[in-house]
Amino acid sequence: MSWQIWQANSILLSEVAMRRSDLVQTPSKGSTPRTTQIVFGERQHLLRVLDSLETTAVQPVRLDKERRVLEELIHERTSELNHINPSWDEKVGVVLNADSKAEMLDKLSREAPETDFYLLRLISEHPKVSSKTLGRLAKHPYAAIRENVARHPNADAATLALLARDRSQPLWYLVAFNPNTPAPLRRKLQERLRKLGQSGSSK
């Protein structure tokens, strides 16, 4: 894959907010899995350093030396992304296209390994992703993906009911305001929210 393709994707992806938890997930060193948002984040930082190096006054000898080091590190991250999911940047480019079909998004989500957090997160945000795909992504371990599903207008009632029962994070709050949530469940969740508000204001 050419430098231009993944560099273009990197520019587009830099507009997608990255959480601090994407880079710092556990306090113990060496125990955080190197999922795609970790590796991608590293590559973005390296690209910014390279850009700074090339646009500031640096001695030619130093510039050449540090450029070679940075380009090697960038290449290693690109290889790591492709090891997790082959042709990673091309697949990200497809997902970033607003005109991509639901069938293609479903295919990419099924083919992606669970550790491809970043691609799956982008799919969970896509306006054309199907309710079937969202239903599968609702079971993904990455919290940001489940949050996207909970607020997505294409999520169906069964998926939203499942997420409302998620004990690992307060997804019920997002489900409460999703227009596809069944009316009885929406009323129940909004009543819970109202009671929480009353409890908070009384303290």
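The values are calculated or read from the model by the stated rules, or taken from the named source; none is laboratory data. Here the structure is a predicted model, which is why all the values come from computation and not from measurement. Note that each Cβ is placed from the backbone with ideal geometry, even for glycine, and that neighbours are counted across all protein chains shown.
The table below gives the values:
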{"read-out": "Count of region 98-115 residues which are under 23 Å from HIS83 (Cα atoms) and among the polar types (S, T, N, Q)", "value": "2"}
{"read-out": "Residue list for region 109-133, filter: hydrophobic (A, V, I, L, M, F, W, C) and within 18 Å of ALA155 (Cβ to Cβ)", "value": "LEU120, LEU122, ILE123, VAL129"}
{"read-out": "Meets criteria (closer than 24 Å to ILE38 by Cβ and either assigned by TED's automatic domain parsing to the domain that holds ALA176 or crowded, with 16+ Cβ neighbours inside 10 Å (or both)) for ASP106", "value": "no"}
{"read-out": "Region 65-79 residues that are free of Cβ contacts under 8 Å to residues at least 24 places away in the same chain, paired with ones that are in a helix (DSSP H, G or I) (beta carbon under 7 Å, 6 or more apart)", "value": "GLU66/LEU53; ARG67/LEU50; ARG67/LEU53"}
{"read-out": "The lone exception for GLN37 - which of (1) under 30 Å from SER131 (Cβ atoms); (2) at pLDDT 95 or above; (3) in a helix (DSSP H, G or I); (4) not assigned by TED's automatic domain parsing to the domain that holds HIS140 it fails", "value": "(2)"}
{"read-out": "Flag if ASP106 is within 20 Å of the chain's Cα centre (by Cα), part of a helix (DSSP H, G or I) and modelled with pLDDT of 95 or more", "value": "yes"}
{"read-out": "Matching entry among ASP89, ASP116 (being farther than 19 Å from PRO33 by Cα, surrounded by 14 or more Cβ atoms within 10 Å (Cβ to Cβ) and in contact (Cβ under 8 Å) with a residue 60 or more places away in the chain)", "value": "ASP89"}
{"read-out": "LEU120 vs. criteria in a helix (DSSP H, G or I), more than 18 Å from the chain's Cα centre (by Cα) and not charged (D, E, K, R)", "value": "no"}
{"read-out": "Options LYS139, LYS132, LYS128: the member that is surrounded by fewer than 18 Cβ atoms within 10 Å (Cβ to Cβ), among the basic types (Lys, Arg) and either part of a helix (DSSP H, G or I) or in contact with a Ser or Thr (Cβ under 6 Å, 6 or more places away or on another chain) (or both)", "value": "LYS132"}
{"read-out": "Check on SER79, modelled with pLDDT of 95 or more, part of a loop (DSSP other than H, G, I, E, B), surrounded by fewer than 19 Cβ atoms within 10 Å (Cβ to Cβ) and outside the structural domain of ALA143 (by TED's automatic domain parsing)", "value": "no"}
{"read-out": "Matching entry among LEU46, LEU96 (being within 19 Å of the chain's Cα centre (by Cα) and aliphatic (A, V, I, L, M))", "value": "LEU96"}
{"read-out": "Check on SER100, of a type in the set (Ser, Thr, Tyr), closer than 24 Å to PHE40 by Cβ and either crowded, with 22+ Cβ neighbours inside 10 Å or in the same structural domain as LEU193 (by TED's automatic domain parsing) (or both)", "value": "no"}
{"read-out": "Failed item, numbered, when ARG121 is tested on (1) of a type in the set (D, E, K, R); (2) surrounded by 15 or more Cβ atoms within 10 Å (Cβ to Cβ); (3) free of Cβ contacts under 8 Å to residues at least 60 places away in the same chain; (4) closer than 28 Å to ASP99 by Cβ", "value": "(3)"}
